[in-house]
1. Roughly how many nanometres apart are two label points built 7 Å out from the Cα toward the Cβ at residue 23 and residue 69?
2. To the nearest 0.05, what FRET efficiency results for residue 151 and residue 266 with a Förster distance of 35 Å applied to their C-beta separation?
3. Could you give the nm distance between label points at residue 99 and residue 251, where each point is 7 Å from its Cα heading toward the beta carbon?
4. For a Förster distance of 22 Å, can you work out the FRET efficiency between the beta-carbons of residue 259 and residue 302, rounded to the nearest 0.05?
5. Can you check what the net charge comes to around residue 217, using other residues whose Cβ is under 14 Å from the Cβ of residue 217 (Lys, Arg +1; Asp, Glu -1)?
6. For a Förster distance of 45 Å, can you work out the FRET efficiency between the beta-carbons of residue 242 and residue 12, rounded to the nearest 0.05?
Amino acid sequence: MPPTRKAHHKSRNGCNQCKKRHVKCDEVRPHCGNCVKREATCSFSTGEQSPPNGQEEPESPTNVPEARQQVLSRAEEMDLIHFFTTTTTKTVCHDPKDWHLWEHGIPGLAFQNEYLLDALLALTCLHRSRLHPLRQQFWVRCAIEYENRALPGFFKVLSDVNDETCHAAFAFSFVTTLVEIAMPRGDIDPIEHLVGMRNYFRGTAILYLTKLDALRCGAMNSFFLAKTITWEYDPELRRSLHDRVTALYDIVAGSRDEKIYNETIALLLRLFYDSPYAIISFSLLVGPDFFQLVCQREPMAVLIYIYCGVAFNNVNEWRRWKIVQ
């Protein structure tokens, strides 16, 4: 007797993009695997998914909270949380003053705010992706899904932030900045990346400028203490960067936007001397006029930004895993 053939059920619930391309969709939400690979907008994430052929769109019940799409099992998430508190924290925290913040303060806020918990899971997935190259794509995809799941909750809080909600929101904006730095970029235009990074920093800036007094009195208070940096630039690298960036003053001399360029060069030099990690704040501190020139691909502005990229590339290792491609 021939072996019994397993039943096969053809699904019609794939995303619109896979339907148009006539390829099998894995139906993972909010971004299916095919759309993640193609870096395309998935209809699962936009809410524009069409119903299967021959079916009507069911009416959405009112006042029913939206179900959170599961990325990993609860056991796998618990394993990630344990990994974050025991391993990842030691790679992102370089000052003993901040150990309690990363091991207890931020996780404590995350357990009370799901959007922050998703951000921590995204960061930990990226850490795992560097430790397990054979499963790198899987962990990066999980990180993307956790980040996408977290953002709506953050923006909802940010729209009406107060002295109670600002602590988790500030922690989220900082953690998500690390996620964005660590996320593999592939063929993404570095100028577009600057635009994206600046958008992430806006949330941090709003919270810092409007809720500083409250933040100093909450779980994030140690973040605002003077830091003890235990890792510095290589002296030779520091001298080389200083000499090359200082030479930019002569290159931009006489240009139409010389004043803007000089201010930006001075900012770069100051960030170089603060600490290797200070360069992360460049996208927040740089003036909007320079930012506009970079977006317009003005050669002088792009040249200066390249040196910012060199400094960013130096911040490419958190103890044992790289955070910049």
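Read-outs throughout are calculated quantities, based only on the coordinates presented, and are distinct from any laboratory measurement. From a predicted model like this one, the values you see are computed outputs, not experimental measurements. Cβ atoms come from the backbone with ideal geometry, glycine included; neighbour counts cover every protein chain shown.
1. About 1.7 nm separates the two model spin labels.
2. Efficiency computed from Cβ-Cβ geometry: 0.55.
3. Placing both labels 7 Å along Cα→Cβ, they lie 4.3 nm apart.
4. According to the calculation, E is roughly 0.80.
5. Working: positive: 211, 216; negative: 163, 164, 213.
With Lys, Arg at +1 and Asp, Glu at -1, the neighbours total -1.
6. That pair, residue 242 with residue 12, gives E of 0.15.
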